[in-house]
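For reference, the structure discussed in these notes is given below.
The values are calculated or read from the model by the stated rules, or taken from the named source; none is laboratory data. The structure presented is a predicted model; accordingly, all values stated were derived computationally and were not measured. Glycine also receives a Cβ, built like all others from the backbone with ideal geometry; neighbour counts cover every protein chain displayed. For the accessible areas, the whole protein counts, side chains as well, though only heavy atoms, and no ligand, DNA or RNA atoms are used. Shrake-Rupley method; radii C 1.70, N 1.55, O 1.52, S 1.80 Å.
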Amino acid sequence: MKIVIFLGAPGVGKGTLAAVLAKRTGAQHVSTGAMLREAVQRKTPAGVSAKGYMDRGELVPDGVLVEMMDEFLAETPQGAMLFFDGFPRTVPQAEALDALARKFKSAVSCVICLEAAESVILDRLGGRRVCPKCGAGFHVRNVPPKQAGVCDACQSPLVIRSDDRPETIKNRLAVYAEQTAPLVAWYERQGVLKRIDASPETEIIADAVAHIVRHG
Ligand code: AP5
Ligand code: MG
């Protein structure tokens, strides 16, 4: 198993980029946000405990995430290449991931750190629309669906994510700065961090990152 981590603020484009690159490379896109949203929808025990945290824009407790990823990795074939989008998000999660990687004879091969100005991030979150059925993501101006308000892939009506309200966005960005941003220095010290300018369009970023993922 080879693990590539996509790190960066809410709305910087982790999910969009990871989905495009997974399609290009055959890697598996692993979004903990999407896994948790599905758990909330299905009202599983993890989903029931996660809902309040997600609605407030706070992080779900580390223990819930580590158990979820342990179960996920136990079911993943040895040869898989994984794109982690949204995990780890705290130093204790990163330490737990090191232990899980040892347990499953895997390793973090590189950490793609996506960077963009706050104005770019706020514009991306403000215009985001998502498909509640298949999870596809769009943006009203940057990535518009072919028909306004309708998913290209499954024709379902698009919605605004419940944590994309202005007050929740503010909180998610503050939580990122306080609890997740320290991972940048943490992975830099380990010599696996690659900083990427996330402001261009996705295909341009994908070209740069595909090169790193192949050779990094
Ligand atoms: P999660 O779903 O991971 O949310 P997030 O980190 O807040 O990130 P987003 O999904 O909002 O942004 P993104 O970077 O993926 O951007 P996107 O590609 O959509 O987590 C949700 C919640 O779950 C958390 O708040 C927390 O409660 C919980 N959680 C998840 N993981 C956890 C963990 N490990 N520990 C604890 N709790 C956890 O792009 C945004 C918009 O911009 C889109 O509209 C897109 O179309 C557009 N766009 C993207 N790229 C470009 C581009 N290059 N040019 C123009 N537009 C672009
Ligand atoms: Mg995302």
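In the range 146-206, which GluC sites (Glu not before Pro) fall in coil by DSSP and have 12 or fewer other Cβ atoms within 10 Å?
Working: sites: Glu167, Glu178, Glu188, Glu201, Glu203; in loops: Glu201.
The qualifying sites are Glu201.
Using the 1.4 Å probe convention, the accessible area of the chain works out to 51 Å² per residue with neighbouring protein chains retained. Annotation: aspartates and glutamates with alpha-carbon distance below 14 angstrom to Lys133 (same-chain offsets under eight excluded): Glu38, Asp152.
Using helices alone, I'd like the mean residue ellipticity at 222 nm for the chain: each DSSP H run of four-plus residues gives -39500 (n - 2.57), total over residue count, nearest 500. It would help to have the intermediate numbers written out before the result.
Working: 9 runs with 102 residues, N = 216.
Here the helix-only value at 222 nm equals -14500 deg cm²/dmol.
Placing R0 at 35 angstrom, the Cβ-Cβ distance between Ser49 and Lys133 gives a FRET efficiency of 0.90 after rounding to 0.05.
Would you work out the relative contact order for the chain, in percent, from Cα pairs under 8 angstrom that are 6 or more residues apart? Contact order relative to length: 31 percent.
Of all the accessible heavy-atom surface of the chain, with the other protein chains kept in place and a 1.4 Å probe, what percent is carbon and sulfur?
Here carbon and sulfur together make up 55 percent of the probe-accessible area.
Per the Kirkwood formula applied to alpha carbons, the chain shows a radius of gyration over Rh ratio, Rg over Rh, of 0.93. Figure legend: label point modelled 7 angstrom from the Cα of Glu71 along Cα→Cβ; residues of the range 16-44 with amide N under 20 Å from it are 29-44.
For the range 20-124, the list of GluC sites (Glu not before Pro) that fall in a loop by DSSP and count at most 12 other C-beta atoms within 10 angstrom reads Glu75. The stretch between Ala174 and Glu58, if pulled fully straight at 0.36 nm per residue, gains 40.8 nm over its current Cα-Cα span.
A Förster radius of 30 Å combined with the Cβ-Cβ distance from Arg141 to Arg214 puts the calculated FRET efficiency at roughly 0.40. For Ala181 and Cys154, the FRET efficiency from 1/(1 + (r/R0)^6), where r spans their Cβ atoms and R0 equals 41 Å, is about 0.70. Looking at the chain alone, DSSP beta bridges between its own residues are antiparallel in about 25 percent of cases.
Separation of the range 6-39 and the range 146-216, taken as the distance between their Cα centroids, equals 8 angstrom.
The residues neighbouring Thr25, those whose beta-carbon lies less than 13 Å from its own, together hold a net charge of +3 under the Lys/Arg +1, Asp/Glu -1 convention. Among Pro45, Pro88, Pro61, the largest mean-square fluctuation in a Gaussian network model of the chain, built with springs joining Cα atoms closer than 10 Å, belongs to Pro45.
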